[in-house]
Amino acid sequence: MSQPASTFLIRPVRPEEYETLGSLTVAAYHALPDLHRDTDSSAREADYDRQLRDVARRAEVSCVLVAAGAEGDLLGGVTYVRGPDDPYSEELSEGEAGMRMLAVDPAKQGRGAGKALVQACLDRAREAGRQRLVLHTGPWMPSAIAMYEKMGFVRRPDLDFTPVPDVNLIAYAFDLD
């Protein structure tokens, strides 16, 4: 049985939505399985939660997009990273764009908002003349990985990296040319 189609619009986040999107993003990340809980990871998690909530900062220096429902409710959001000079770049090379912090409200998943947000990032990268869109994810995000692979992203172990100890991110890329 397939999910009913939802109507939503992909657009830049508005200042009055920063707090809502920040809370939604934290909720989505906290809904993921906890792989390691210790004192160090709890402190790191609180630090990362602050980054996830700081939509105003991301919107100031990058492009934050949202999926807004027919009633104006936020279903999710993503940060489009325009290239290696963007402060949110995770080791991008020249000619590459990226995306970070993709999140869909856990209560509103399965409606296509995540896929539409990823597609919006692909479209922006293509329009900007980028050759590739790169993203990093974790093995603890199997639903996201399945979506990326279904959309045509290819696993790129050569672009994996560890931003902090014990957090090993895996890379996927979509060639745009």
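The values are calculated or read from the model by the stated rules, or taken from the named source; none is laboratory data. Predicted model only: the values in this text are computed from it and were never measured. Positions of Cβ are backbone-derived with ideal geometry, glycine not excepted, and every protein chain shown enters the neighbour counts.
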Quiz item: Going through segment 97-106 one residue at a time, which ones are touching a residue at least 60 places away in the same chain (Cβ under 8 Å), assigned to a strand (DSSP E or B) and either over 23 Å from Pro142 (Cα atoms) or not small (Gly, Ala, Ser) (or both)?
Solution: Met101, Val104
Quiz item: In segment 119-177, what residues are in contact (Cβ under 8 Å) with a residue 40 or more places away in the chain, among the small types (Gly, Ala, Ser) and under 13 Å from Glu96 (Cα atoms)?
Solution: Ala125, Ala128, Ala173
Practice problem: Just give me the residues in segment 107-160 being assigned to a loop (DSSP other than H, G, I, E, B), of a type outside the set (S, T, N, Q) and closer than 19 Å to Ile10 by Cβ, in sequence order. | Solution: Gly110, Arg111, Gly112, Ala128, Arg130, Gly152, Phe153
Quiz item: For segment 43-96, how many residues are in contact (Cβ under 8 Å) with a residue 40 or more places away in the chain and small (Gly, Ala, Ser)?
Solution: 9
Quiz item: Taking Thr79, is it over 22 Å from Arg14 (Cα atoms) and polar (S, T, N, Q)?
Solution: no
Self-check item: Per-region count, segment 56-86, residues surrounded by fewer than 23 Cβ atoms within 10 Å (Cβ to Cβ), not aliphatic (A, V, I, L, M) and not in a strand (DSSP E or B)
Solution: 11
Self-check item: Test for Ala171: is it part of a strand (DSSP E or B) and under 21 Å from Pro33 (Cα atoms)
Solution: yes
Quiz item: modelled with pLDDT of 85 or more and in contact with a helix residue (DSSP H, G or I) (Cβ under 8 Å, 6 or more places away or on another chain): does that describe Val78?
Solution: yes
Quiz item: Across segment 1-44, which residue is surrounded by the most Cβ atoms within 10 Å (Cβ to Cβ) among those that are under 21 Å from Ala70 (Cβ atoms) and at pLDDT below 75?
Solution: Ser6
Quiz item: Within segment 85-121, which residues are hydrophobic (A, V, I, L, M, F, W, C) and touching a helix residue (DSSP H, G or I) at 6+ places or on another chain (Cβ under 8 Å)?
Solution: Ala97, Met99, Met101, Leu102, Ala103, Val104, Val118
